[in-house]
Amino acid sequence: MSTAVRPDVFRVHTGDVLPLDRANVDTDQIIPKQFLKSIKRTGFGENLFDAWRFLDFGDIGKPLVEREVNPDFVLNDPRYRRVSILVARRNFGCGSSREHAVWSLQQYGFKVVIAPSFADIFHNNCYKNGLLPIRLSEAQVEFLFSRALGERALKLTIDLPSQLVCADSIEPIAFEIEHHRKRQLLHGLDEIGLTLEKSDLIRDFEREHRKSMPWLFA
Amino acid sequence: MGRTVHEKLWDSHFVGWRDDGLGILYIDRHLLHEVTSPQAFSGLAAARRKPWRLDTNLATPDHNVPTTDRDLGIEGIDDVVAKEQVATLDKNCRRYGIRQFELTDVRQGIVHVVGPEQGATLPGMTIVCGDSHTSTHGAFGALAHGIGTSEVEHVLATQCLVQQKSKNFSIELTGRMPPGTCAKDVILAIIRMIGTAGATGHTIEYRGDAIASMSMEERMTICNMSIEAGARAGLVGVDDTTIAYLEGRPLAPSGHLWKEAVETWRQFVTDDDSVFDASVTLAVDDLKPQVSWGTNPELVIDVDEPVPDPASFDAAKAETAERALAYMGLNSGQALTELELDRVFIGSCTNARIEDLRIAARIAKGRRVCSRLKSAMVVPGSGLVKRQAEREGLHEIFKSAGFEWRDAGCSMCLAMNADKLVPDEGAASTSNRNFEGRQGHLGRTHLVSPATAAASAVAGRIADAREFAA
């Protein structure tokens, strides 16, 4: 039986917000390179933001209990113990194409990332795995920060079918998402399977392509 | 209305529409390396799928390989986890019959150096790789961009990607570069100007007389760092320089196919009446050597400029600048040329080709690496670059100056192997990213050209390469 890798299904999610007040969060910060030596798709959650979360240098196989926690990093703040929605500043996920960045966010427990803008490759990688990236305006993100920095964590409900970010005390915030992306997340579709449904089309193209650029088929 | 190179590449690879309304784009060349492919191969196997077309794939290990004791092959990798990853690439390539330049093959090297060198990168191609610096190959009039591991699997299984066409961004480069400056200074100046997200959602086309007069290797340096300006792809239209570079390369067409190919390739230029969604112009006549002072590649200044005051940035960027100063151990107003360095790195997919090594060697010749430096390393981009450099005697110049002469790989650009900075060490580096910890935990990177790197190795601090220019 075939078991294609499918993204997580996303419909409605309620969770606490982590306010990560930084712009240009690059994928090297999300998951540092030493953890990319793994050939598996799992086990990256423990080392999410490793160099920011811990004061000592982390490496594969170093147990969490032996790590020196950085008390100043927001993720270590007791208020944010159960976060699953990350809010950050512009150009989130820039740099390396490593999909491990998305895997580590998900495996830590994040379901949603909200920012004013995302780097292209990271943004694309999110959908492939069922992590929902939401673009909001700078002002809307600023508003979420102001609410998330209170004594208790801000709880949000992300409603994908109606495309709304909701919380008890605030007006729902609408967000945009392309139709196909939404469908992909709602159903956890096997992307490769969808493309393979068009195998005949690909073969037809290939035949013509061979005629126009035969050196690519030599 | 005319079409841009990007539009011509898109149109000539558009397969059709999927039922969900998404466009399918055909991929001509898929480059693989050890770090982002294992999960794609295991996904493929789990779904009982096979590669669609074997001959478009080309693999080589680069990210995770040692740059010493190459003759030991895979046994020379001390780190057992890294070794397993390289062995997994070998295993996957053998299992499916994918062509690989293995660790001990002289053709092994950084995947973005290997592709063009072999003629595996050709004009008019769509090229992808699970690495963001795939934009390098755009220098050949190809549509080339980095992809994630899920897409690596998608390309293996279908020979296609599901894509949305990006917008067109024109960057016109005019004039003549002054002595002591390099293509690296040009791209750093561009990123400084448009910012790290300046070209997000766009494919950049580099145009103008300054690009036309550049070599292929210089164009590759520029296209390579398109991703640092937010663009997934950067490219240059095909001209005589492109074609001259490719003739006789092992995987380039030959005989009557060469003639036919050249005719087709010449069409991959932007039509005069094309319209771009965005455009900027940069005159390179007054360009000075560029040096990054901060922790993202837009935080760059002229080598003779003081480190800026965070208050001079707009509010949204001031905090980033403040944080960068603290991380880098710098004060605003400080001259970078006063900054003592610990290490110098000459290498990476940005600057490890033969012309880069020649530039560095010209400065190193007859000089000595400052004794205060812990190391100054030259890491050729491929085994063939290394061999060529040795034929030219460059290795002797480097070695007698006190540089370490290493084997090919990504090395200290991302510091996945043993080549790395230790906390608080500062480096002048010809690589492409100065993120926190990029070159080693708490290490401090200054991105520079190969000329500036060589000059800085001699000076033991960030140096003005113009003072070393012949």
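The share of Cα pairs per 10 Å bin across the stretch B:251-387, counted from zero up to the longest distance, runs 9, 22, 28, 23, 13, 5, 0 percent.
The stretch A:127-199 and the stretch A:66-92 have Cα centres separated by 20 Å. Residues of the stretch B:422-441 falling in the label zone of B:Tyr327, defined by backbone nitrogen less than 12 Å from a point 7 Å along Cα to beta-carbon, are B:433-441. Please give the residues of the stretch B:1-24, grouped as numeric ranges, whose backbone N is less than 17 Å from a label point set 7 Å along the Cα-to-Cβ vector of A:Lys211. In the stretch B:1-24, the label zone of A:Lys211 (backbone N under 17 Å from the point 7 Å along Cα→Cβ) covers B:12-16. Straight Cα distances below 29 angstrom link A:Lys155 to the lysines A:Lys111, A:Lys128, A:Lys182, B:Lys317, with same-chain residues fewer than 8 positions distant left out.
Given a Förster radius of 41 Å and the C-beta distance between B:Lys365 and A:Ala218 as r, what FRET efficiency does 1/(1 + (r/R0)^6) yield to the nearest 0.05? Don't jump to the answer; show the numbers that get you there.
Values: r = 43 Å, r/R0 = 1.04.
So the FRET efficiency works out to roughly 0.45.
Around the amide H of B:Ala47, modelled in the peptide plane, lie the amide H atoms of A:Thr3, all under 5 Å away and 5 or more residues distant in sequence or on another chain.
Rounded to the nearest 10 Å², what accessible area does A:His187 have for a 1.4 Å probe in the complete protein model? Probe radius 1.4 Å; accessible area of A:His187 about 110 Å². Between the residues B:Ile359, B:Val238, B:Thr104, the greatest Cα displacement towards the positive end of the dipole of the protein assembly as shown, with unit charges on the Cβ of Lys, Arg, Asp and Glu, is found for B:Thr104.
Please report the carbon-and-sulfur percent of the accessible area for the stretch A:80-157; probe 1.4 Å, protein heavy atoms only, DNA, RNA and ligands left out. Before the final figure, lay out the partial values.
Details: 1160 of 2490 Å².
The value for the stretch A:80-157 is 46 percent carbon and sulfur by accessible area.
Excluding same-chain neighbours fewer than eight residues apart, the aspartates and glutamates reachable from B:Lys83 by a Cα-Cα span under 19 Å are A:Asp59, B:Glu34, B:Asp62, B:Asp69, B:Asp71, B:Glu75, B:Glu102, B:Asp105, B:Asp407, B:Asp419.
For the stretch B:1-155, compute the orientation-averaged projected area of the C-alpha convex hull (one quarter of its surface), in nm². Can you show the working numbers first?
On the way: hull surface 40.9 nm².
Result: a mean projected hull area of 10.2 nm².
A compact globular protein would have a Cα radius of gyration near 2.2 N^0.38 Å; the ratio found for the stretch B:218-329 is 1.55.
Applying 1/(1 + (r/R0)^6) with r as the Cβ-Cβ distance of B:Glu247 and B:Val106 and R0 = 25 angstrom yields a FRET efficiency of 0.75.
Computed from the alpha carbon positions, the gyration tensor of the protein assembly as shown leads to an equivalent ellipsoid with semi-axes of 35, 32, 25 Å, biggest first. With 0.36 nm allotted per residue and the present C-alpha distance subtracted, the A:Ser146-A:Leu55 stretch has 30.0 nm of extension available. Across every pair of non-identical alpha carbons in the stretch B:114-251, the mean reciprocal distance, once inverted, gives a Kirkwood radius of 15.2 Å. For B:Glu305 and A:Glu197, FRET efficiency with R0 = 51 Å and r from the beta-carbon atoms, rounded to 0.05? Result of the calculation: an efficiency of 0.35.
D by Stokes-Einstein for the stretch A:69-164, Kirkwood Rh over Cα pairs, 37 °C, 0.692 mPa s: 233 µm²/s.
Surface composition of chain B: carbon and sulfur make up 47 percent of the accessible area, probe 1.4 Å. Could you tell me how far the Cα centroid of the stretch B:297-311 sits from the Cα centroid of the stretch B:362-392, in Å? Spelled out, the Cα-based centre of one part sits 28 Å from the other. One Cα centroid belongs to the stretch B:68-134, the other to the stretch A:10-34; the line between them spans 31 Å.
The alpha-carbon positions of the stretch B:1-50 define a convex hull whose volume is 133 Å³ per residue. Pairing chain B with chain A buries about 6100 Å² of accessible area. This figure sums both sides and uses a 1.4 Å probe.
A Stokes-Einstein calculation at 4 °C with viscosity 1.567 mPa s, built on the Kirkwood radius of the stretch B:364-452 over Cα pairs, returns a diffusion coefficient of 95 µm²/s. Computed from the Kirkwood radius of its Cα pairs, the Stokes-Einstein diffusion coefficient for the stretch B:191-250 at 25 °C and 0.890 mPa s stands at 200 µm²/s. For chain B, a simple Cβ point-charge model (Lys and Arg +1, Asp and Glu -1, everything else neutral) yields a dipole of about 1000 debye relative to the Cα centre.
Longer than 30 Å from Cα to Cα, which of B:Lys288/B:Lys365; B:Lys91/B:Lys165; A:Lys33/B:Lys365 are they? Say none if no pair is. Present the calculation step by step, with values, prior to reporting the outcome.
Details: B:Lys288/B:Lys365 23 Å; B:Lys91/B:Lys165 35 Å; A:Lys33/B:Lys365 35 Å.
From the list (B:Lys288/B:Lys365; B:Lys91/B:Lys165; A:Lys33/B:Lys365), the Cα-Cα distance tops 30 Å for B:Lys91/B:Lys165; A:Lys33/B:Lys365.
For the protein assembly as shown, report the accessible area per residue in Å² (1.4 Å probe, heavy atoms, rounded to an integer). Spell out each step's value before the answer.
Details: 24420 Å² over 688 residues.
Normalised by residue count, the accessible surface of the protein assembly as shown is 35 Å².
Only helices enter the 222 nm calculation for the protein assembly as shown: every DSSP H run of n ≥ 4 contributes -39,500 (n - 2.57), and dividing by all residues gives -9000 deg cm²/dmol, rounded to 500.
The Cβ shell under 13 Å around A:Ile85 holds other residues with a net charge of +2, Lys and Arg each +1, Asp and Glu each -1.
Estimated at 0.36 nm per residue, the fully extended path between B:Ala469 and B:Asp273 surpasses their Cα-Cα distance by 66.5 nm. Beyond 23 Å, the tail of the calculated P(r) for the stretch A:12-187 holds 38 percent of the Cα pairs.
The length gained by stretching the chain between B:Lys50 and B:Arg99 to full extension, at 0.36 nm per residue less their Cα-Cα distance, is 16.1 nm. In a solvent-free Debye calculation with one equal scatterer on each Cα, what is log10 I(q)/I(0) for chain B at q = 0.08 Å⁻¹, listed in the order of the q values? Treating every Cα as an identical point scatterer, log10 I(q)/I(0) equals -0.44. Panel note: contact residues of the stretch A:154-197 (accessible area lowered by at least 30 Å² against the chain on its own; 1.4 Å probe) correspond to A:His180, A:Glu191, A:Ile192, A:Leu194, A:Thr195, A:Leu196.
The values are calculated or read from the model by the stated rules, or taken from the named source; none is laboratory data. What you see is a predicted model, and the numbers here were worked out from it, not measured in a lab. Quick reminder, even Gly has a Cβ in these numbers, built from the backbone with ideal geometry, and neighbours come from all protein chains shown. These area figures cover heavy atoms from the full protein model, side chains too; ligands, DNA and RNA do not enter into them. Shrake-Rupley method; radii C 1.70, N 1.55, O 1.52, S 1.80 Å.
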